[in-house]
Amino acid sequence: MALTNQLSCRINLKSDYATNANMRTPFKSHYRFPQLVNASKITMRANIVGLKVKNTPKRLHKAVPARAASCSVASAVVDMRQIIEKLMDREDLTLEQSADALQCLLECADPAQISAFLVLLRAKGETAEEVAGLALAMRNNAVLCDCGPGVLDIVGTGGDGIGSVNISTGSCLLAAAAGAKVAKHGNRSVSSMCGSADVLEALGVAVSLGPSSVAACVKETSMGFMFAPRFHPAMSAVQPVRKSLGVRTAFNILGPLLNPASADYALVGVYSPSIIPLMAKSLQLLGTKRALVVHSLGLDELTPMGPATVAEVTAKGIREYQFEPLDVGIQRCEVEDLKGGDRFVNAELLRSALSGTPGPIADALALNAGVALHACGIAEKSVAQGVTMALEVQRSGAGLKTLDAWVAKSQEMLLIEQGDVKTEKKSKKNKSEKKNKKNKN
């Protein structure tokens, strides 16, 4: 049964991918992608490898041809028929093929093709090259945020299902108070009661700022937040498909790889120890200077609950080891001690910890912030030095001062943005009125 007919649409493109040892140099290119995908065959093959597809129609889906546009690719021609056939035969894609395929799908926005691509990747098992390629395509369609070099992010994949307080968000504030330059990338709740954007909004931060405003916050307060929907508009082409599928796909682990400020340093928590090698290699392929990928007893972050598995990522290699919080002076706690609630509950818990109140949540924030301080080089000697620094900052209440300064600056930048919008609207209105008056005369 043929997957597609010969109908295709072509887009003239020009690459502007950043180059490094793992990426091709830019050159002019174009995509060709088929308009028809046989969803019934995709469903059949996906079921054979043990993955059910929800609500997949049995008829052929006709894609909406994309208009001619300018975007970035790494290869001369993309034929989605060949890509899907390779995945159905359980063949791995190269980094470039993965990036090109997603760019093609973002341009075409055909739900059937997007579904087939994501489901078959999941059924086969994603490789680091494929995940890095997907990240490259998303980055290439992102709104970038220039916060300068040396930026740090503390971020998790989510999906651990435990309902803990927003540890990575609080840890970012402690790290910023200790001298790190933090540009956090996050979203509203997807797999938990309260996402990073939710709790920050409850704390008073203006979370939907544009790139120049975020950069101004980082420059003045060492802390900024990039709201994923604003910085990754291309995600809107994929989100309905992900929701319809109802299963985990590669996009469940892409978030930490998509920082619009291109963070040089990162502490990345993952929902399962099984994906630590995948995340670590993906970060390395994307050129991250130094990152620590962690998982601790069911949580996508370091916790005082017990030891964690850590993969340390640098350009030279990846080193995996076990990390024991007791060794750096962090006392044990139970999972209940880290439980959060809605955004208002979590906001109060974070304010309390950042103000200097001791306890398991404060220890968890200091633990993650301390390890992140070592990752970005502020605590040069060791992780223990970083945790000691973070504990001192937490006990002094400096974290709350950083939060308050950031809230004030973010609200200031929001007013400036709103003023710019009003000025622009007024200018357009005046031009329109002048034009109408001229036409009447």
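The values are calculated or read from the model by the stated rules, or taken from the named source; none is laboratory data. Predicted model, so just to flag it, every value in this text is computed and none were measured. Backbone-built Cβ (ideal geometry, glycine too); neighbour counts: all protein chains shown. What goes into the accessible areas is simple: the full protein's heavy atoms, side chains included, and nothing from ligands, DNA or RNA. Shrake-Rupley method; radii C 1.70, N 1.55, O 1.52, S 1.80 Å.
Of note:
- In this structure, the residue pairs whose Cα-Cα separation is over 31 Å, taken from 86/181; 281/409; 181/281, are 86/181; 281/409.
- Using a probe of 1.4 Å on the protein chains alone, the accessible area found for residue 193 is around 130 Å².
- Estimated inter-spin distance, residue 327 and residue 86, nm [label 7 Å along Cα→Cβ]: 4.1
- These residues, 129, 320, go from largest to smallest accessible area, 1.4 Å probe, as 320, 129.
- Region 98-149: C-alpha gyration tensor shape, a/c 1.5 cut-off, then a/b vs b/c: oblate
- Aspartates and glutamates whose Cα lies under 19 Å from that of residue 243, excluding same-chain neighbours fewer than 8 positions away: 110, 160
- Amide N of region 254-287 lying under 14 Å from the label point, which is placed 7 angstrom from the Cα of residue 144 along Cα→Cβ: 259-264
- Solvent-accessible heavy-atom area per residue, rounded to whole Å², over region 110-243 at 1.4 Å: 30
- Cα gyration tensor shape of region 227-312, rounded if a/c is under 1.5, else prolate or oblate by comparing a/b with b/c: oblate
- Percentage relative contact order, region 355-426, counting C-alpha pairs under 8 Å, at least six apart: 29
- Solvent-accessible surface (1.4 Å probe) assigned to residue 337 amounts to roughly 70 Å².
- Heavy atoms of residue 95 accessible to a 1.4 Å probe, total area in Å² rounded to 10: 10
- Prolate/oblate/rounded label for region 144-244 (Cα gyration tensor, a/c 1.5): oblate
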